[in-house]
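Have a look at the structure below, then the notes.
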Amino acid sequence: MLVNAKYEFQPFDAAEALLRHPEEEGHPRTLVAFVGRDLAMGERAASILKDTAPHLARAAAAAKFKGKSGTSIEILAAPGAPASRLIFMGVGKADEAEGEGAEPAKPFDDFFALGGQAAGKIGPGARAVILFDLPAGTPATQDSVAQFALGGWLRAYKFDQYKTKKKDEADREGPMEVVVAVAEPDGVGGAMAEVSHLAEAVILARTLVNEPANVLTPPEFARRASELMKFGVEVEVLDEKAMAELGMRALLGVGQGSEAGSRLVVLRWSGGAEGAAPIAFVGKGVVFDSGGISIKPAASMEDMKGDMAGAAAVTGAMYAIAARKAKANVVGVLGLVENMPDGKAQRPGDIVKSMSGQTIEIINTDAEGRLVLADALTYVVEKHKPAAIVDLATLTGAILVALGQEYGGLFSNNDELADRLTKAGSHIGEKLWRLPMGPAYDKMIDSKFADMKNTGGRHAGSITAAHFLQRFVGKTPWAHLDIAGTGMGSPTSDTNQSWGAGWGVRLLDQLVRDYYEG
Ligand code: BES
Ligand code: MN
Ligand code: ZN
């Protein structure tokens with residue numbers, strides 16, 4: 001799957017020897033090195049590049065390059081240089097104070113972003129040598145090398161399988177081939193193997209989000225999720241008949257206007273103590289959200305192929321957790337439906353009975369995600385008695401109004417779980433912001449005709465949606481992540497150029513690593 005970037009690790013001596021070979025005809029070499037604020041390099045890099053130091057000094061002065069992190073300069077065809085392209089990337093702290101009495105800056109630590117930046121500079125099809133030797137004070141640990149490679153793999157991901165012309169070109173260019181020179185290449189293998197699984201997991205989630213709904217129907221999504229069996233994940237797929245027997249009328253009501261069948265997928269990884277209650281991840285998987293009878297406006301409706309980003313994140317997280325054989329019990333549940341208008345479609349005013357027994361008045365058929373999650377949550381609470389539940393859903397446009405694309409919205413009935421998620425997220429750069437909940441908001445979804453209604457009016461739309469979900473989790477510690485802003489339509493970044501970001505995969509993986517293993 002990781003065809004766009006190949007990394008190989010070698011000791012500095014071997015890299016130095018490689019650089020003494022002349023470049024192969026038609027394959028210009030790229031050399032990448034890292035410099036601090038004073039343009040200083042690590043010892044080995046400085047010695048390998050000592051002949052090019054004057055070029056660097058001159059080019060840096062001309063380009064006003066000061067080694068700030070996030071900036072770089074490229075020098076082409078420098079006489080006597082060991083590569084046609086020399087790229088110097090800054091790793092000086094961006095906010096580093098200068099001058100006397102200034103606080104010493106914290107060492108550079110964002111190797112994930114740096115790896116993405118480097119892959120972006122090197123470009124597809126290029127051959128590169130990266131001298132992974134950082135200026136004094138910045139440790140180049142195995143973990144930092146692994147994060148660097150992870151950033152590069154994710155940067156190199158492209159969803160271009162439907163571009164017949166571009167695709168041929170890319171295939172001709174081939175993957176970026178990178179030799180990374182490190183102090184101790186032997187130890188890197190283990191860290192790399194783990195991180196390559198994480199890269200595959202994020203890429204799987206991105207691809208699921210990017211796929212159009214004529215390809216990725218609920219049954220097709222279920223088929224792709226079932227492939228996790230190869231890692232020892234137990235997979236159960238409930239079709240409409242099985243769900244009807246369980247009384248999942250809330251979920252089934254959403255899918256009943258679609259030609260494609262609805263599915264509930266249950267993924268179980270049992271790497272922890274036998275009988276220990278699992279942590280559960282539940283994902284909204286609306287493969288396309290037309291709004292149903294309460295149909296959406298045409299503008300940007302195509303984006304609603306990404307309304308399964310929660311289910312994609314859960315699938316990716318299960319991939320990561322199972323592939324690295326995490327010592328934890330984890331259940332992933334995907335509620336897969338398509339929301340379409342049709343003669344059979346559900347209408348505003350309909351009243352449905354959920355699996356929990358609670359009845360729901362449908363006010364707006366476009367508030368469908370919570371209906372899907374209601375039954376998925378009840379299912380996981382009843383069948384798996386989890387120690388905690390985290391659901392991920394592109395649930396409300398209102399969360400975009402509140403938080404934009406910077407933070408995912410966090411709602412929880414449990415401070416500890418909310419805190420753990422916030423910490424795991426800030427650690428890996430998928431940030432969460434907690435919003436309030438309370439009885440006054442809960443009242444807003446009481447219905448005249450049923451136990452509740454599926455919308456709470458114009459105010460506090462993301463919060464009333466969270467309250468709707470909370471009515472289906474009982475006393476189980478639970479957190480809801482509204483990822484309508486972060487899960488799709490992502491702005492490009494150092495580590496992601498794709499519309500579907502795979503947001504949440506690294507977050508859930510980190511949460512399990514930090515709090516639910518061992
Ligand atoms: N899938 C949408 C939410 C969404 C909006 C996701 C924009 C990504 C980008 C959800 O099903 C929806 O339609 N929500 C409605 C709820 C309303 C009818 C109460 C909304 O946000 O407008
Ligand atoms: Mn909707
Ligand atoms: Zn939706």
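So which residues in the range 403-439 are assigned to a helix (DSSP H, G or I) and closer than 14 Å to Q470 by Cβ, if there are any at all?
Kept after step one, since they are assigned to a helix (DSSP H, G or I), are these residues of the range 403-439: 403, 415-428, 439.
If the condition is that a residue be assigned to a helix (DSSP H, G or I) and closer than 14 Å to Q470 by Cβ, then L417, A418, P439 are the ones that fit.
Would the range 267-279 turn up any residue that is within 13 Å of ligand 3 (Cβ to nearest atom) and open to solvent by less than 10 Å² (accessible area, probe 1.4 Å)? So that I can check it myself, show each step before the final result.
Within the range 267-279, the first condition is being within 13 Å of ligand 3 (Cβ to nearest atom), and the residues that meet it are none.
Within the range 267-279, none of the residues are within 13 Å of ligand 3 (Cβ to nearest atom) and open to solvent by less than 10 Å² (accessible area, probe 1.4 Å).
Among (1) open to solvent by less than 10 Å² (accessible area, probe 1.4 Å); (2) within 16 Å of ligand 3 (Cβ to nearest atom); (3) within 19 Å of the chain's Cα centre (by Cα); (4) not β-branched (V, I, T), there is one condition L400 misses while meeting the rest; what is its number?
Only one criterion is unmet by L400, namely (1).
Among the residues of the range 375-397, is there at least one that is farther than 18 Å from V314 by Cβ, assigned by TED's automatic domain parsing to the domain that holds D482 and under 25 Å from the mean Cα position of the chain (by Cα)? Give the steps one after another, and end with the answer.
Within the range 375-397, the subset farther than 18 Å from V314 by Cβ is 382, 385, 396-397.
Those left that are additionally assigned by TED's automatic domain parsing to the domain that holds D482: 382, 385, 396-397.
Retained after the next criterion (residues that are under 25 Å from the mean Cα position of the chain (by Cα)): 396-397.
Checked the range 375-397: at least one residue is farther than 18 Å from V314 by Cβ, assigned by TED's automatic domain parsing to the domain that holds D482 and under 25 Å from the mean Cα position of the chain (by Cα).
Would you check which residues across the range 344-359 are within 16 Å of ligand 3 (Cβ to nearest atom) and either open to solvent by 50 Å² or more (accessible area, probe 1.4 Å) or closer than 15 Å to F472 by Cα (or both) and list them? Break it down into steps so the answer makes sense when it comes.
Our first condition is that a residue be within 16 Å of ligand 3 (Cβ to nearest atom); within the range 344-359, this holds for 345-346, 348.
Listed by number, the list holds a single entry, P348.
If you check A484, A460, which single one turns out to be at positive phi, within 16 Å of ligand 1 (Cβ to nearest atom) and at pLDDT 95 or above? Can you show your working first?
Values: A484 fails: at positive phi.
Sole residue among the options that is at positive phi, within 16 Å of ligand 1 (Cβ to nearest atom) and at pLDDT 95 or above: A460.
Hey, any hits in the range 181-194 for a residue that's within 23 Å of A313 (Cβ to Cβ), open to solvent by 30 Å² or more (accessible area, probe 1.4 Å) and assigned to a helix (DSSP H, G or I)? Steps first, answer last, please.
Filtering the range 181-194 down to residues within 23 Å of A313 (Cβ to Cβ) leaves 193-194.
Then drop every residue that is not open to solvent by 30 Å² or more (accessible area, probe 1.4 Å), which leaves 193-194.
From the residues that got through so far, the ones that are assigned to a helix (DSSP H, G or I) too are 193-194.
Yes, there is a match, as at least one residue in the range 181-194 is within 23 Å of A313 (Cβ to Cβ), open to solvent by 30 Å² or more (accessible area, probe 1.4 Å) and assigned to a helix (DSSP H, G or I).
More than 16 Å from ligand 2 (Cβ to nearest atom) and either closer than 30 Å to D160 by Cβ or open to solvent by less than 30 Å² (accessible area, probe 1.4 Å) (or both): is that true of V237 in this structure?
Answer is yes for this residue.
Quick one: in the range 403-441, of everything that is among the hydroxyl-bearing types (S, T, Y) and in contact with a helix residue (DSSP H, G or I) (Cβ under 8 Å, 6 or more places away or on another chain), which residue is surrounded by the fewest Cβ atoms within 10 Å (Cβ to Cβ)? Even if it seems obvious, please write down each step before you answer.
Initial filter on the range 403-441 (among the hydroxyl-bearing types (S, T, Y)): 407, 412, 422, 426, 441.
Still in the running and in contact with a helix residue (DSSP H, G or I) (Cβ under 8 Å, 6 or more places away or on another chain): 412, 441.
Values: S412: 26, Y441: 18.
Applying the filter and picking the extreme gives Y441.
For residues that are within 11 Å of ligand 3 (Cβ to nearest atom), surrounded by fewer than 23 Cβ atoms within 10 Å (Cβ to Cβ) and outside any helix (DSSP H, G or I), tally how many sit in the range 295-308.
1
If a residue must be more than 16 Å from ligand 1 (Cβ to nearest atom) and either surrounded by fewer than 24 Cβ atoms within 10 Å (Cβ to Cβ) or of a type in the set (F, W, Y) (or both), how many such residues does the range 496-511 contain?
Here the count works out to 4.
Please enumerate the residues belonging to the range 378-397 that are open to solvent by less than 40 Å² (accessible area, probe 1.4 Å) and within 16 Å of ligand 3 (Cβ to nearest atom). Let's see the steps before the verdict.
Within the range 378-397, the first condition is being open to solvent by less than 40 Å² (accessible area, probe 1.4 Å), and the residues that meet it are 378-381, 384, 386, 388-396.
Scanning the range 378-397 gives D391, L392, A393, T394, L395, T396.
Output the residues belonging to the range 485-504 that are closer than 21 Å to M318 by Cα and either basic (K, R) or out of contact with any Lys or Arg (no Cβ under 6 Å at 6 or more places or on another chain) (or both).
Matches in the range 485-504: T486, G487, M488, N496, A501, W503, G504.
Yes/no matrix, rows are residues, columns are (1) assigned to a loop (DSSP other than H, G, I, E, B); (2) assigned by TED's automatic domain parsing to the domain that holds D366; (3) among the basic types (K, R):
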position: E177; (1), (2), (3): no, no, no
position: L204; (1), (2), (3): no, yes, no
position: R224; (1), (2), (3): no, yes, yes
position: G253; (1), (2), (3): no, yes, no
position: A260; (1), (2), (3): yes, yes, no
position: V265; (1), (2), (3): no, yes, no
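Please work out which residue is farthest from ligand 3 (Cβ to nearest atom), limiting yourself to the range 309-328 and to residues that are buried (at least 24 other Cβ atoms within 10 Å of the Cβ) and not aliphatic (A, V, I, L, M).
Of all residues in the range 309-328, those buried (at least 24 other Cβ atoms within 10 Å of the Cβ) come to 309-322.
Okay, now just the ones that are also not aliphatic (A, V, I, L, M), so 310, 315-316, 319.
Details: G310: 10, T315: 18, G316: 19, Y319: 24 Å.
Result: Y319.
Would you say E416 is closer than 16 Å to S490 by Cβ, charged (D, E, K, R) and either within 16 Å of ligand 2 (Cβ to nearest atom) or in the same structural domain as A280 (by TED's automatic domain parsing) (or both)? Steps first, answer last, please.
On the way: closer than 16 Å to S490 by Cβ: no; charged (D, E, K, R): yes; either within 16 Å of ligand 2 (Cβ to nearest atom) or in the same structural domain as A280 (by TED's automatic domain parsing) (or both): yes.
Judged against the criteria, E416 is not a match.
Considering only residues that are among the hydrophobic types (A, V, I, L, M, F, W, C) and either without any contact (Cβ under 8 Å) to a residue 40 or more places away in the chain or assigned to a strand (DSSP E or B) (or both), look in the range 334-380 and name the one that is nearest to ligand 1 (Cβ to nearest atom). Don't jump to the end; show me each part of the working.
As a first pass, look at the range 334-380 and keep what is among the hydrophobic types (A, V, I, L, M, F, W, C): 334, 336-337, 340, 345, 351-352, 355, 360, 362-363, 367, 371-374, 376-377, 380.
Imposing the further condition that a residue be either without any contact (Cβ under 8 Å) to a residue 40 or more places away in the chain or assigned to a strand (DSSP E or B) (or both) reduces the set to 334, 336-337, 351-352, 360.
Values: L334: 16, L336: 14, V337: 11, I351: 17, V352: 16, I360: 13 Å.
Result: V337.
Test S290 against the stated conditions and say whether it is among the hydroxyl-bearing types (S, T, Y), in the same structural domain as K448 (by TED's automatic domain parsing), open to solvent by less than 10 Å² (accessible area, probe 1.4 Å) and more than 13 Å from ligand 3 (Cβ to nearest atom). Walk me through it before giving the result.
Numbers: among the hydroxyl-bearing types (S, T, Y): yes; in the same structural domain as K448 (by TED's automatic domain parsing): yes; open to solvent by less than 10 Å² (accessible area, probe 1.4 Å): yes; more than 13 Å from ligand 3 (Cβ to nearest atom): no.
Taking the combined requirement at face value, the residue does not satisfy it.
Name the strands (runs of 3 or more DSSP E) wholly within the range 1-86 that hold at least 2 residues that are among the β-branched types (V, I, T) and open to solvent by less than 60 Å² (accessible area, probe 1.4 Å)?
Ranges flagged: 29-35, 72-76.
Can you tell me which residues in the range 47-64 are within 38 Å of the chain's Cα centre (by Cα) and without any contact (Cβ under 8 Å) to a residue 60 or more places away in the chain?
L56, A59, A60, A63, K64
The values are calculated or read from the model by the stated rules, or taken from the named source; none is laboratory data. As the structure is a prediction and not an experimental result, all values here were calculated from the model. Neighbour counts are summed over all protein chains in view; Cβ atoms, including those assigned to glycine, are modelled from backbone coordinates with ideal geometry. All accessible areas refer to the heavy atoms of the entire protein, side chains included, with ligands and DNA or RNA removed. Shrake-Rupley method; radii C 1.70, N 1.55, O 1.52, S 1.80 Å.
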